[in-house]
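This report concerns only the one structure given below.
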Amino acid sequence: MVSVVGAAITEFGRRIDGTSFRDWAAEAFESALSMSGLERADIDLLACSSESDFFTLQLNPASVIAGDLGLAGAATFRVEGGGASGQLAVHAAANAVKSGQARHAAVVGFDPSASQLPAATVKELYGYSFDAWTDGMTGASATALYALSARFFMQAHGLDEGHLAKVTIQNRANALGNPGAHLGRRHSEDEIFDSPVIAAPYRRLHCSPLSDGAAAIVLSANDFVPGSRRSAPRIRGIGAASDKPRLGARNSPGQFRAKSAAMRKACESAGLEPGDIGLAEVYDAYAGAQLQAIEALGLTDDISCDSLDGAFGPGGRLPVNLSGGLMGQGAPAGAIGVGQTAACALFLEGRHRSSLQPAMPPRFALADTHGGVCTTAAVTILERGSQ
Amino acid sequence: MIFELDLPLEYRLEAGWLARWAEALMQGTALARSCRQCGRASFVPERICDCGCSEGSWKPVPGKATVIRRTSGLDGNFGFVRFDGADTCAVVALEGFEAGDRRGELIAPAGSLPKLIIRPIHEEVPD
């Protein structure tokens with residue numbers, strides 16, 4: 001077993017306050033380390049996640065971050081898997097701890113997705129992040145590819161603009177309770193329906209923002225968990241899988257099959273069923289992607305009814321994205337998966353700063369991340385620690 | 001304090017195993033990859049077929065496609081299409097498509113990139 005003894009998330013947003021990703025990484029790490037009760041010298045492995053050197057300019061960012069964090073001597077590496085980078089870094093570190101390669105590992109995810117390059121440049125780079133040789137050179141944007149996938153899914157499940165609006169409204173409202181969120185907003189349906197169409201069915205208010213920020217967790221092998229952190233949440237199961245990068249090559253372009261496979265593996269390793277999950281942080285790059293994810297993860301039998309009936313709201317059967325998700329809390333690419341895992345750990349411990357922190361946290365939480373149009377999927381199941 | 005840095009990048013990407021496909025595309029024609037074992041034709045080509053076979057040959061297909069789904073907006077007009085003679089689908093840019101247009105034909109892209117672009121066909125003569 002591996003315990004999450006420290007977890008922290010910086011403010012996500014467009015940071016134009018004189019700080020850089022190196023400051024955010026340090027802020028997140030120092031806060032997670034402080035929570036863990038460990039010393040800097042105890043950390044023997046650092047896994048960093050950052051989606052793109054284009055964002056940071058820094059090749060081999062793990063070496064620079066390790067230097068900034070005073071971790072010279074620790075094993076360091078950077079994990080990259082598109083939007084799933086952070087969750088894959090969590091997996092790499094958890095596996096290192098589980099195997100005995102490390103006793104205490106830090107995972108630090110970061111990206112200056114909003115402030116270091118013009119938005120148009122970031123959008124163009126993202127366009128090359130699916131299959132640069134085909135979809136990328138054709139000029140298909142990330143939003144267009146997600147939109148085409150959503151078209152299939154929405155038709156198969158009888159979904160319409162109302163379902164998409166519900167996701168935006170809920171996630172942005174959830175973010176209002178999270179003081180570190182990028183876009184806490186109280187949106188109306190009309191406001192969403194009036195926002196410009198980027199790639200139908202997606203309007204601007206169905207899209208997650210580009211954000212800056214960082215998140216960190218500290219993992220300890222169970223035999224080495226500090227005495228003050230015996231009740232820390234544990235990683236109960238992990239799973240990862242992939243699908244073909246081009247939608248056209250998939251048999252079911254509307255289904256997130258890689259996510260289903262990753263979830264099956266995570267549930268198998270945890271000895272659990274999807275129905276055991278009591279809280280989920282789900283990858284909502286777009287409103288429809290959240291619905292596709294919930295369905296693929298096996299968290300619903302009827303995505304249309306459940307999403308309209310409030311099953312995934314703060315007071316629902318399965319609260320989803322209490323943090324605000326990517327749409328509300330924000331989306332600094334390399335920090336997303338680490339932030340989701342940190343959020344789940346904090347919620348399970350009753351320590352999240354969101355006003356939506358459940359008074360009675362559930363036993364199991366799920367962090368779900370993907371890259372591409374769910375080409376690379378990675379999920380982590382966490383369990384509340386014993387009190 | 002902000003450091004401003006201009007870093008132009010001039011890529012020279014080799015097409016690699018996609019060269020034959022890309023060369024055809026630049027001329028507005030379509031080459032599918034046909035699996036030697038099961039005969040499945042992929043366009044956009046797949047190096048390994050779903051049946052597991054890695055051997056294939058290039059097969060000309062008509063370059064005409066049926067639009068299955070489409071999206072349009074500020075990011076442009078794109079379609080999820082199936083090319084005649086292909087067993088897989090592709091995402092293409094739709095040029096000059098009106099709401100009711102369902103069939104299109106590959107055109108040679110302007111510039112140096114192998115873009116997948118189709119224009120609508122309004123009257124078809126059977127092949």
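Considering only residues of the stretch B:76-127 that are away from chain A (no Cβ under 14 Å) and small (Gly, Ala, Ser), which is nearest to residue A:143 (Cα to Cα)? My answer is B:96. When residues in the stretch A:65-83 are screened for being assigned to a loop (DSSP other than H, G, I, E, B) and more than 17 Å from residue A:218 (Cβ to Cβ), 3 of them pass. Of all residues in the stretch B:62-83, those satisfying the criterion of being closer than 15 Å to residue B:28 by Cβ and part of a loop (DSSP other than H, G, I, E, B) are B:62, B:63. In the set B:74, B:106, only one residue is in contact with a strand residue (DSSP E or B) (Cβ under 8 Å, 6 or more places away or on another chain) and closer than 30 Å to residue A:56 by Cα; that residue is B:74. Selection of the stretch B:47-75 for residues being facing another protein chain (nearest Cβ under 8 Å) and surrounded by fewer than 17 Cβ atoms within 10 Å (Cβ to Cβ) yields only B:74. So is residue A:319 farther than 23 Å from residue A:218 by Cβ, in contact with a strand residue (DSSP E or B) (Cβ under 7 Å, 6 or more places away or on another chain) and either assigned by TED's automatic domain parsing to the domain that holds residue A:29 or surrounded by fewer than 24 Cβ atoms within 10 Å (Cβ to Cβ) (or both) or not? Criteria met by residue A:319.
Could you go through the stretch A:113-130 and let me know if any residue there is over 30 Å from residue A:252 (Cβ atoms) and buried (at least 23 other Cβ atoms within 10 Å of the Cβ). Within the stretch A:113-130, one or more residues are over 30 Å from residue A:252 (Cβ atoms) and buried (at least 23 other Cβ atoms within 10 Å of the Cβ).
Within the stretch A:363-376, is even one residue assigned to a helix (DSSP H, G or I), touching a strand residue (DSSP E or B) at 6+ places or on another chain (Cβ under 6 Å) and of a type in the set (A, V, I, L, M)? Scanning the stretch A:363-376 turns up no residue that is assigned to a helix (DSSP H, G or I), touching a strand residue (DSSP E or B) at 6+ places or on another chain (Cβ under 6 Å) and of a type in the set (A, V, I, L, M).
With A:258, A:232 as the choices, which residue is away from chain B (no Cβ under 14 Å), part of a helix (DSSP H, G or I) and surrounded by 22 or more Cβ atoms within 10 Å (Cβ to Cβ)?
One residue alone meets the criteria, A:258.
Selection of first residues in the stretch A:115-126 that are over 18 Å from residue A:16 (Cβ atoms) and of second residues that are assigned to a helix (DSSP H, G or I), restricted to Cβ pairs under 8 Å at least 6 apart or on distinct chains, gives the following pairs, ordered by first then second residue: A:123/A:142; A:125/A:54; A:126/A:142.
Count of the stretch B:4-46 residues, restricted to those that are among the small types (Gly, Ala, Ser), within 13 Å of another protein chain (Cβ to nearest Cβ) and part of a loop (DSSP other than H, G, I, E, B), is 1. Among the candidates A:34, A:20, A:115, A:49, the residue that is closer than 15 Å to residue A:339 by Cα, polar (S, T, N, Q) and within 23 Å of the chain's Cα centre (by Cα) is uniquely A:49. The set of residues in the stretch A:9-64 that are in a helix (DSSP H, G or I), touching a residue at least 60 places away in the same chain (Cβ under 8 Å), of a type in the set (Ser, Thr, Tyr) and under 24 Å from residue A:102 (Cβ atoms) comprises A:31, A:36.
Checked against (1) under 19 Å from residue A:27 (Cβ atoms); (2) surrounded by fewer than 22 Cβ atoms within 10 Å (Cβ to Cβ); (3) among the acidic types (Asp, Glu), residue A:53 passes all but a single condition, namely (1). Taking the criterion of being free of Cβ contacts under 8 Å to residues at least 60 places away in the same chain and of a type in the set (Asp, Glu), the residues of the stretch B:90-127 that qualify are B:95, B:98, B:101, B:105, B:123.
Residues checked against (1) in the same structural domain as residue A:56 (by TED's automatic domain parsing); (2) out of contact with any Leu (no Cβ under 9 Å at 6 or more places or on another chain):
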position	(1), (2)
A:71	yes, no
A:75	yes, no
A:80	yes, no
A:91	yes, yes
A:100	yes, yes
A:106	yes, no
A:109	yes, yes
A:133	no, no
A:137	no, no
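The sole residue among A:242, A:269 that is within 30 Å of residue B:82 (Cβ to Cβ), among the hydroxyl-bearing types (Ser, Thr, Tyr) and under 21 Å from the mean Cα position of the chain (by Cα) is A:242.
The values are calculated or read from the model by the stated rules, or taken from the named source; none is laboratory data. Nothing here was measured: the structure is a model prediction, and the numbers come from that model. Ideal geometry is used to build each Cβ from the backbone, glycine not excepted, and the neighbour counts take in all protein chains shown.
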